[in-house]
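The values are calculated or read from the model by the stated rules, or taken from the named source; none is laboratory data. All values reported here derive from a predicted model rather than from experimental measurement. Cβ: placed from backbone, ideal geometry, glycine included. Neighbour counts: every protein chain shown.
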Amino acid sequence: MLPPQTSPAVLRSPRAVCAFALAALASSGSLAAQLQPQAIYPLLTDLLDATATYGPALLTGNPLPPNPPANGVCVNGIYSGSAGGQDVRFPVITTLNMSDFQIDVEFQIAAFPTSFGAPVFMGGHLWRWLGIYVQPNGIVGIKHNNSNLAWSTTTLSTGTWYSGRLKYENGTVEEYIDGTLVLTVSVGVLSTGSATIDNRNFTTNDFSNGRNHNGCIRNVRISNLTTLGVTADTFAYGSGCDGLTLGANGVPSLGNPLFELVASNVPPVLPLVFFAFGSAALNPGVDLTVIGMPGCATYTTLDLGLLGPSVVAGTSATFPLPIPLDPALTGTAIPSQAVSFSAATPLGLASSNGLKLVLAP
């Protein structure tokens, strides 16, 4: 029997109701244009590029490097060139198109800088052409072309996993946090090196002012061919209990009749998986240990309405979710999560990572 906080309920948001009462509303349509991934570093269990195109990320320290990946790599906030400093350095991405690219990184901040600001993830250790930056008060922004800063009005918190995204196209940068556009800046041409030095690499340090990220990073993805403005996408957060994970087949673009959610690594207890949805106002990264589900640091199931269940085939279950061709849904962000039975948690339940669906053309 499911506990009260995961009992079936209607979705709280009217737009969410429209988005997910879809079986009779599906219509034909095309998928959004696909990015061209150049390098993908999950940093979950190793330092390798999942595309097998580039070499591994490099961990360095003075004298001790960061610990090896364990659901991310964490650095201590001390500048790489100082005593005790650390760095995570990625190879030069020689295929990166500097006129049209996208940078994705999932990050957690352990502590904010005590003064000025600090990088979260920086493109270029010598030229510092573009990166995510954070102020001592938690306001997030960007640094570009060596010393220029621009700030959003969005404030981050420590101890929470965020999905960060930078889109650059012909002189314009867009910054997204958890799928929400927080900053648009005209920065002009980015300088990434000289005739003899190619600086299209990435690091957690800012080598111009001796600052380093204090926290963790994972799921680094470097891609060509971005599209400015809100695009259909999925953003994953946190980690599930007892191995349960949630992903998607396809892109949640308007009019896509084939989109579906996929729960994998389902615990072998009962052949059922429940799929939960909520309003865009929910925050990811909530530790569900407080309701007896240790390690489930994803969306709060307290406010999620359940759909399903779906019968498990083997160790996975799919949930068809055709998207209606409704322009009013453009930009809608819907958090989702999978819940199954488990023998490994005190409540007898496992919840997956969170997955935010952004609906767009």
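Values for this structure:
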| quantity | calculated |
| --- | --- |
| Residue, surrounded by the most Cβ atoms within 10 Å (Cβ to Cβ), within the range 161-170, restricted to residues that are modelled with pLDDT of 90 or more and either basic (Lys, Arg) or closer than 30 Å to Leu44 by Cα (or both) | Tyr168 |
| Exclusive hit being surrounded by fewer than 17 Cβ atoms within 10 Å (Cβ to Cβ), assigned to a loop (DSSP other than H, G, I, E, B) and without any contact (Cβ under 8 Å) to a residue 60 or more places away in the chain, set Gly55, Gly81 | Gly55 |
| Residue selected from the range 311-326 under the condition within 23 Å of the chain's Cα centre (by Cα) and hydrophobic (A, V, I, L, M, F, W, C), by the criterion surrounded by the fewest Cβ atoms within 10 Å (Cβ to Cβ) | Phe319 |
| Conditions (1) modelled with pLDDT under 95; (2) surrounded by fewer than 17 Cβ atoms within 10 Å (Cβ to Cβ); (3) in contact with a strand residue (DSSP E or B) (Cβ under 6 Å, 6 or more places away or on another chain): number failed by Thr95 | (1) |
| Inter-residue pairs, beta-carbon under 7 Å, first farther than 30 Å from Leu228 by Cβ and in the range 340-361, second of a type outside the set (A, V, I, L, M) and assigned to a strand (DSSP E or B), 6+ apart | Gly348/Phe341; Leu349/Phe341; Ala350/Ser340; Ser351/Thr298; Ser351/Gln337; Ser352/Thr245; Ser352/Thr298; Ser352/Gln337 |
| Total residues in the range 246-260, condition within 26 Å of Leu166 (Cβ to Cβ) and either in contact with a Cys (Cβ under 9 Å, 6 or more places away or on another chain) or assigned to a strand (DSSP E or B) (or both) | 4 |
| Candidates Ala236, Ala263, filtered to the one that is of a type outside the set (S, T, N, Q), at pLDDT below 90 and not in a loop (DSSP other than H, G, I, E, B) | Ala236 |
| Strands (runs of 3 or more DSSP E) contained in the range 143-208 and holding at least 3 residues within 18 Å of Ser223 (Cα to Cα) | 161-169, 172-177 |
| Ala70 modelled with pLDDT under 95 and in the same structural domain as Asn212 (by TED's automatic domain parsing) | yes |
| Search result, residues across the range 171-203 that are surrounded by 16 or more Cβ atoms within 10 Å (Cβ to Cβ), β-branched (Val, Ile, Thr) and under 20 Å from Val105 (Cα atoms) | Val173, Ile177, Thr180, Val182, Val185, Thr192, Thr203 |
